[in-house]
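Chemist: I have a structure here, written as structure tokens, and I will follow up with some questions on it.
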Amino acid sequence: MSALAKKENVSAIAAAKPAATIVPFSGKPVSRIDFRQIGMTTLRNVVPPVVVLALILLVWQVLCSAPDASLPSPYVVWTEAYDLIAYPFFVYGSQDIGLGWRVLVSLQRVAYGFGLAAVTGVIVGAIIGQSIWAMRGLDPIFQVLRTVPPLAWLPLSLAAFQDSSPSAIFVIFITSIWPVIINTAVGVRNIPQDYRNVAQVLRLNQIEFFFKIMLPSAAPYIFTGLRIGVGLSWLAIVAAEMLTGGVGIGFFIWDAWNSSRLPDIIVALAYIGIVGFALDKLVSALGKIITRGASAN
């Protein structure tokens, strides 16, 4: 075939091919957010508790609307304790402060006591989980001590520290440390043998084994204990502050009872429940982030 024929053949093939279509770029990014799914999820999570809360308030209002009712109705609580509800951070004096400030004082004590319990509990639990002799010697003692009510420790702590603030912190510590120790020990005992074999092959020392093998493997169990412990801490501080005084939320409830301010007590209970719920969700979310969604078996 001559060069001219080849050239004509190529031209014919090129003419037979369809021309490429140029699609103009709109510049608008494709939205990947499914707002309908988000809305449905929000409705499923928000509507049921709102409906149940409305029914509870309705029943409460009906039962306590009589003039001789022993408890105030929601309307009475709203009218008589409006300042506590609407203005949680007012300051009118050293003892006349809003519930927001009182909650922050209690949370500060919880942070000290629970933080110390978390660190100590993880270390002690790791030691117990690694040593069968430590488990046999300490586990029965811990099982007995963890059943002691929080307020039973308060007289001893007051006698030891001679001050209400460190005594309350000690009560938080001694109340919340047991679930951390027990769950950490269980998590360490359940570390797969393959992980231990890898640690021996790599010749990891005890500190390296603790941070690289033990903590990541036992993290779901540890955060289960921390979640239980933070709830017990919040319960303990409210009970301890009723007896030790100060400006915490627990003492406010006791002082309101002595002054026959039942609406104030109900508002304080709502604050306590909301803060306790938030603490539980905070520790749970932190555990999911660190453990990447893994759960204890």
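The values are calculated or read from the model by the stated rules, or taken from the named source; none is laboratory data. These numbers come from a predicted model, not from an experiment. Quick reminder, even Gly has a Cβ in these numbers, built from the backbone with ideal geometry, and neighbours come from all protein chains shown. Surface accessibility is based on the protein's heavy atoms, side chains included, excluding ligands, DNA and RNA. Shrake-Rupley method; radii C 1.70, N 1.55, O 1.52, S 1.80 Å.
Chemist: Take the alpha carbon atoms of the chain, find their radius of gyration, then divide it by 2.2 N^0.38 Å using N residues; give the quotient.
Modeler: Normalised by 2.2 N^0.38 Å, the Cα Rg of the chain equals 1.61.
Chemist: Also: How much length, in nm to one decimal, is gained on full extension between ILE207 and TRP254, taken as 0.36 nm per residue of separation minus their Cα-Cα distance?
Modeler: 12.2 nm
Chemist: For the chain, what does -39500 (n - 2.57) per DSSP helix run (n ≥ 4), summed and divided by total residues, give at 222 nm, in deg cm²/dmol to the nearest 500? Walk me through the numbers before you get to the answer.
Modeler: Values: 13 runs with 219 residues, N = 297.
Result for the chain, helices only: -24500 deg cm²/dmol.
Chemist: Let me ask you something else. Please work out how much accessible surface PHE210 shows to a 1.4 Å probe, ignoring ligands, DNA and RNA, in Å² rounded to 10.
Modeler: 40
Chemist: Loop sites only, by DSSP: take the trypsin sites (Lys or Arg not before Pro) in the chain that have at most 16 other C-beta atoms within 10 Å and name the longest stretch containing none of them. Please list the in-between numbers first.
Modeler: Details: sites that count: ARG32, ARG146, ARG203, ARG292.
Maximal segment without exposed cleavage sites: 33-145.
Chemist: Return the Rg/Rh ratio of the stretch 229-297 with Cα-based radii and a Kirkwood Rh.
Modeler: Radius of gyration over Kirkwood radius for the stretch 229-297 works out to 1.15.
Chemist: For the stretch 108-262, state the semi-axes of the equivalent ellipsoid (square roots of 5 times the eigenvalues of the alpha-carbon gyration tensor), sorted largest first and rounded to whole angstrom.
Modeler: Working: eigenvalues 277, 41, 29 Å².
Semi-axes (√(5λ), whole Å): 37, 14, 12.
Chemist: Are there any helices in the chain, counted as whole DSSP H runs, that stretch 30 Å or more along their axis by Cα and score at least 1.0 on average by Kyte-Doolittle, and if so which?
Modeler: 35-63, 99-130, 164-189, 215-244, 262-291
Chemist: While we're on this one: What is the magnitude of the charge dipole of the stretch 53-190 about its Cα centre, with +1 placed on the Cβ of each Lys and Arg, -1 on the Cβ of each Asp and Glu, and no other charges, expressed in debye to the nearest 20?
Modeler: Here the stretch 53-190 has a charge dipole of around 660 debye.
Chemist: Next question, about the same structure. So how far, in whole Å, is the C-alpha centre of the stretch 132-146 from the one of the stretch 41-114?
Modeler: Cα centres, the stretch 132-146 to the stretch 41-114: 41 Å.
Chemist: From largest accessible area down, sort TRP254, TRP60, TRP234, TRP153; use a 1.4 Å probe on the protein chains.
Modeler: Ranked from most to least accessible, the order is TRP254, TRP60, TRP153, TRP234.
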